[in-house]
Every structure is written in structure tokens, then in C-alpha cells.
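Peer 1: Right, I'll just put the structure down here and ask away after.
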Amino acid sequence: KKVLEMAEFVEHKMNHYQTSRNGKLTMAEFKVKFLQNPGLIELVFLFVFELFHVKKLLSENRQGLTQNVYGSMLMVQSIFTFSLLIDNIIKNKYNIQEPYKQQQFMDLLIFLSAKSNLKLDRSKMQEINKKFTHDFHLTLDYLLHSHPVFKPKLQVIEEDIAISYGFRNTAAHKIRDHPYIHLNFNEIVDRLFNVFFLAVEKLY
């Protein structure tokens, strides 16, 4: 039963990715490219483990059980773990194609952007980094609500990538005791799933 629940949960998130981001990845492709990929066994294990955790937190959040400092800390930790998963799924391909280049998360996201025909280059990522460092909450709020952080305005999938970057940045440690994490947790999770699915679709 639990396995079926997890499968339905992933399918729901993928449907959202397909409809809201024009994603082309299907569940059948996801199984072949990721879940059954013999070179990604450790990442698949981490992904499945994190699925249970995220689903539980989403349920508890809807019931109002996470609206406290401890709840926010658990959600931030889950977001960090999911961001780490994105980091590693990209790095796995980046290391093959760019073995001698830097491997900071920014470099990996620029690589993903290029492979996806997006426009998040180094100058834009550095500007996003500055904004997150200056005011994490405001920058996250702008990205979540698709307000322009600079011109030209980012595409929605680029906003997703920017959000995933912000949560891998040390500036995210400042948010642990703020209530807006539980208020926006569902949206943040959707954004991270979008980046994860994009990486699997475009790189595998």
C-alpha cells in the first residue's frame, strides 16, 4: 500500500511538472532513466527515503502540526536534502562531460540551464546569489510569486532553478525560525520537484 501511495504521489508531482512547465518526462521514462538506472542506486535510495519524509511533512503541514520552530526546522532540513539530491543528479552527468571544471552548485545549475536551452548564465546566477544573501525571505517571496527579480523576467522553470539554488546557499540557514516556510512548503516542494524532473528529462 505504501509503495502505491508513493507512486501516486510522484505521479501527481510529475503531472504538475508536465502541465505547469511543459515537461515531457513520463513516468515510464522516469523509471528507466532514474529509478531503474544501475548507476544511480544510492540516489534512488535517497529519493525514495525523502519521498516518505516529504509526504509526511506535507500532510502534517496541512493539519497545522508544523507551525512552530521545530516544524520549520524539519521542513528546511527536508528542503536541503532534496536540493542535495538535485545537486547529485546533475553532478553525475556534469562529471562525465566537464571533469576538470568547478563543481559548485551554481556551476551545476548553469550546466542544466544550458542543456535545457534556458538563459541562466553565470552573471544571472551571481546576481540571484547576491539577492538571496542580501534578503533571503524577500527574494524567495519574489520567485515564488513570479515577481521579476531582474529584467528580462525569468521563465517559471528558471525561477524553480533559482529557488533550488537559494536553498543550497548558506543564507538559507537564516530562515529556520520563520513561519513562512510552513506557509510556502507545498509550493517550495513543487518547485524542487520541477528542477529534479527537468534534470532527469534533459540529462538522462
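Peer 1: Classify region 78-126 as rounded, prolate or oblate from the Cα gyration tensor: take a ≥ b ≥ c as the square roots of its eigenvalues, call it rounded if a/c is under 1.5, otherwise prolate when a/b beats b/c and oblate if not.
Peer 2: Oblate, since a/c reaches 1.5 and b/c is not below a/b.
Peer 1: For Leu154, enumerate residues with amide H under 5 Å from its amide H, sequence gap 5+ or separate chain, H modeled in the peptide plane.
Peer 2: Residues meeting the amide H criterion: Val149.
Peer 1: I would also like to ask the following. Roughly how compact is region 1-124, stated as its Cα Rg over 2.2 N^0.38 Å to two decimals?
Peer 2: Cα Rg divided by the expected 2.2 N^0.38 Å: 1.19.
Peer 1: Here is a follow-up. If I take every Cα pair under 8 Å that is 6 or more residues apart in the chain, average their sequence separation and divide by the length, what percent do I get for the relative contact order?
Peer 2: Rounded, it is 32 percent for the chain.
Peer 1: Give the residue from Asn61, Phe82, Met125 lying farthest towards the positive end of the charge dipole for region 1-157; charges sit on Cβ (+1 for Lys and Arg, -1 for Asp and Glu) and the dipole is referred to the Cα centre.
Peer 2: Of the listed residues, the answer is Met125.
Peer 1: Among the listed pairs Lys55/Lys130; Lys31/Lys101; Lys31/Lys202; Lys13/Lys119; Lys13/Lys153; Lys101/Lys202, which have their C-alpha atoms separated by more than 22 angstrom in this model?
Peer 2: On the way: Lys55/Lys130 32 Å; Lys31/Lys101 30 Å; Lys31/Lys202 15 Å; Lys13/Lys119 24 Å; Lys13/Lys153 25 Å; Lys101/Lys202 20 Å.
Going by Cα-Cα distance, Lys55/Lys130; Lys31/Lys101; Lys13/Lys119; Lys13/Lys153 fall outside the 22 Å limit.
Peer 1: While we're on this one: Scan around Gln103 for amide H atoms under 5 Å from its own, H built in the peptide plane at 1.01 Å from N, and keep only partners 5 or more places away or cross-chain.
Peer 2: none
Peer 1: Right, something else. Determine which aspartates and glutamates satisfy two conditions relative to Lys24: a Cα distance under 15 Å, and not lying fewer than 8 residues away in the same chain.
Peer 2: Output for Lys24: Glu11, Glu201.
Peer 1: Applying 1/(1 + (r/R0)^6) with R0 = 45 Å to the Cβ-Cβ distance of Glu8 and Lys153, what FRET efficiency is obtained, to the nearest 0.05?
Peer 2: Once the sixth-power term is evaluated, E becomes 0.85.
Peer 1: Give the Cα extents of region 47-204 along the principal axes, in whole Å, largest first.
Peer 2: Principal-axis extents of the Cα atoms in region 47-204, largest first: 44, 35, 23 Å.
Bear in mind that the values in this text are calculations on the coordinates, not laboratory data. What you see is a predicted model, and the numbers here were worked out from it, not measured in a lab. No Cβ is skipped: glycine too gets one built from the backbone with ideal geometry, and neighbour counts run over all protein chains shown.
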